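First comes the structure, then the notes that go with it.
The values are calculated or read from the model by the stated rules, or taken from the named source; none is laboratory data. Keep in mind it's a predicted model, so treat the numbers as computed, not measured. Here the Cβ positions follow ideal geometry from the backbone for every residue, glycine too, while neighbour counts run over all protein chains shown. Side chains are part of the model used for accessible areas, which takes the heavy atoms of the whole protein and leaves out ligands, DNA and RNA. Shrake-Rupley method; radii C 1.70, N 1.55, O 1.52, S 1.80 Å.
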Amino acid sequence: MSAAAERVVARCRELALISDVPGETTRTFLSPAMHAANDLVAKWMREAGLAVSMDAVGNLRGVMGSGPRVVMASHLDTVVNAGAFDGPLGVMVAVAAVEELRAVALSFAVEVIAFSEEEGVRFSTPFLGSRAVVETLDEAALGLTDAGGVSVAQAIRGYGLEVERLSEARLAKEAFAYFEVHIEQGPVLEAEGRAVAAVTAIAGQTRLRVRFEGQANHAGTTPMRLRKDALATAAEWIGLVEAEGLKVEGLVATVGAIIAEPGLGNVVPGVVTASLDVRHAVDSVRVTAVAQLLGAADDVAARRGVAMSQVLLLDQAAVGMDTRLTGLVRDAAEACGYGGGALVSGAGHDAMIVAPHVPATMLFVRTPGGVSHHPSESVSVEDVDAALKTTVEFLRRLKPETIERNNA
């Protein structure tokens, strides 16, 4: 176990204390807490020998060397009441790897990017940071507003950045590879007794907002048979969502949030808005499942005399990782004594945004208990040590001339 790995874990825990909400870890896009986190990470980047800058969407970037460039990245924003390692671990491992290799004559430059936004909390849309670097952050995204009515463009300006310079955030033309270290956020590595694994693909995902509109009425005077209960309708449909997820191998289907209106104990709910999140590594399976679940929602609503509508929030295709880079990660892990296993990621990551533009791969780190997006999220120093050693070995073995740059 190395002192560098202990420092990575300590830095993640130090960042977890920087929050917009006292007593928890919550950092959203370009918030005051994100400003403080960026200042601290910029200090660590400079100490590692990186030349530090910030682009127009608030991504913190550090570069060392010249010539062909490998990009190592993850994000610094969090979900609400988060753990310490989802996102920051990847940034801290990247910085530590640079520190380890400062005296090594690499044949390429290294850029570390701490993305400003991946989780989608403030503006209900994820990947603002990575979308900027591949030039897919469009005017529609810039016009999105948060709960306070502030747009993405206004948030950028309020942070002291110039939205007009957004095009300068694009990846350097010299970038030939992208590598991201991330906690697994699941139980597979723990079940298999492995510290790390390469990622072969990231599952596609569809996110929707489903609305059931019935009729609010007095709970004491409205007979059961005459009700148009939006919440009972949603409840029946949610059971069907779970059943579909259990029926199809590899499919996950989740209703994670519901809002019932008017939300009073003595009133039949008139309107319910529910989230729907469907993921699978095969896009055709996911698309079919979404169609079936929306059809089921429509059928249940029609039978109960309730109107159903939906809004598509995200439709992200499954993304395969670059086979050469992934093989190199597996070889590096095996050479370090951690096996050469691989996984498919069920969670979305910045790598899936970058991969269509630059060859990309990922390394997962074991998540004890499979717990993530929760304050009890954790890692072991031993596993972080495995990730750091694998990352350093990956960089030692990486040769720009062996990677096909056109990954689209």
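Couple of notes before you dig in:
- Rounded to the nearest 5, the antiparallel percentage of DSSP beta bridges internal to the chain is 70%.
- Rounded to the nearest 20, the size of the Cβ-charge dipole of region 204-316 about its Cα centre is 260 debye, with Lys and Arg at +1 and Asp and Glu at -1.
- Added length on full extension, which subtracts the Cα-Cα distance from 0.36 nm per residue, Leu40 to Arg225: 60.5 nm
- Principal-axis tilt of helix 3-16 within the chain, Cα atoms, nearest 10 degrees: 40 degrees
- Three-way shape call for region 106-220 based on the alpha-carbon gyration tensor, with the a/c threshold at 1.5: oblate
- Once C-alpha pairs closer than 8 Å and six or more residues apart are averaged by separation and normalised to the residue number of the chain, the relative contact order reads 22 percent.
- Estimated from the Cβ-Cβ distance and a Förster radius of 22 angstrom, the FRET efficiency linking Ala51 and Ser2 is about 0.30.
- Kirkwood-type hydrodynamic radius, region 1-122: 14.4 Å, calculated from all non-identical alpha-carbon pairs.
- Here the extension length gained between Ala302 and Ala317 equals 2.3 nm, from 0.36 nm per residue of separation less the Cα-Cα distance.
- Among Ala36, Ala84, Ala332, the largest mean-square fluctuation in a Gaussian network model of the chain (Cα springs under 10 Å) belongs to Ala36.
- Helical content of the chain, expressed as a calculated mean residue ellipticity at 222 nm, amounts to -10500 deg cm²/dmol (DSSP H runs of 4 or more residues, -39,500 (n - 2.57) each, divided by residue number, nearest 500).
- Options Val272, Thr254, Thr136, ranked by Cα towards positive dipole end of the chain, top entry (Cβ charges): Val272
- Shown for the chain: the carbon plus sulfur share of the solvent-accessible area, taken with all protein chains present and a 1.4 angstrom probe, equals 52%.
- Between Ala234, Val311, Val290, the Cα set farthest toward the positive side of the dipole of region 204-316 (charges on each charged residue's Cβ, about the Cα centre) is that of Ala234.
- Estimated FRET transfer efficiency (Glu401, Val104; beta-carbon r; R0 22 Å; 0.05): 0.75
- Axis of helix 230-247 versus longest Cα principal axis of the chain: the two differ by about 50°, to the nearest ten degrees.
- Part-to-part distance (alpha-carbon centres) for region 308-360 and region 61-85, which is given in Å: 16 Å
- Pairwise Cα distances in region 235-380 exceed 28 Å in 38 percent of cases.
- The relative contact order of region 160-306 comes to 29 percent, based on Cα pairs under 8 Å that sit 6 or more residues apart.
- Extension gain, His218 to Asp138, is 24.2 nm, computed as 0.36 nm per intervening residue step minus the present C-alpha separation.
- Sequence-distant residues sharing a close amide H with Ala201 (under 5 Å, placed H): Met321, Ser345
- Remark: spin-label model distance Thr288-Lys247 equals 1.1 nm, labels positioned 7 Å along the Cα→Cβ axis.
- Taking the three principal axes of the alpha carbon atoms in region 204-316, the coordinate ranges are 49, 22, 18 Å, sorted in descending order.
- Relative contact order %, region 1-112, counting alpha carbon pairs below 8 Å whose residues are six or more apart: 31 percent
- Rounded accessible area per residue of the chain, 1.4 Å, Å²: 41 Å²
- Cα pair distances of region 281-355 binned at 10 Å [whole percent]: 15, 30, 24, 16, 10, 5, 0
- Of all stretches in the chain that contain no trypsin sites (Lys or Arg not before Pro) in a DSSP loop with at most 16 other Cβ atoms within 10 Å, the longest one is 174-404.
- Spherically averaged projected area of region 27-96 from its Cα convex hull (nm²): 4.8 nm²
- Of every Cα-Cα pair in region 333-400, the percent that sits beyond 15 Å: 64 percent
- The chain: most fluctuating residue of Met224, Met72, Met92 per GNM, C-alpha cutoff 10 Å: Met224
- Point-charge dipole on Cβ atoms (K/R +1, D/E -1) for the chain, about Cα centre, debye to 20: 260 debye
- The convex hull around the C-alpha trace of the chain, projected and averaged over every direction, spans 20.4 square nanometres.
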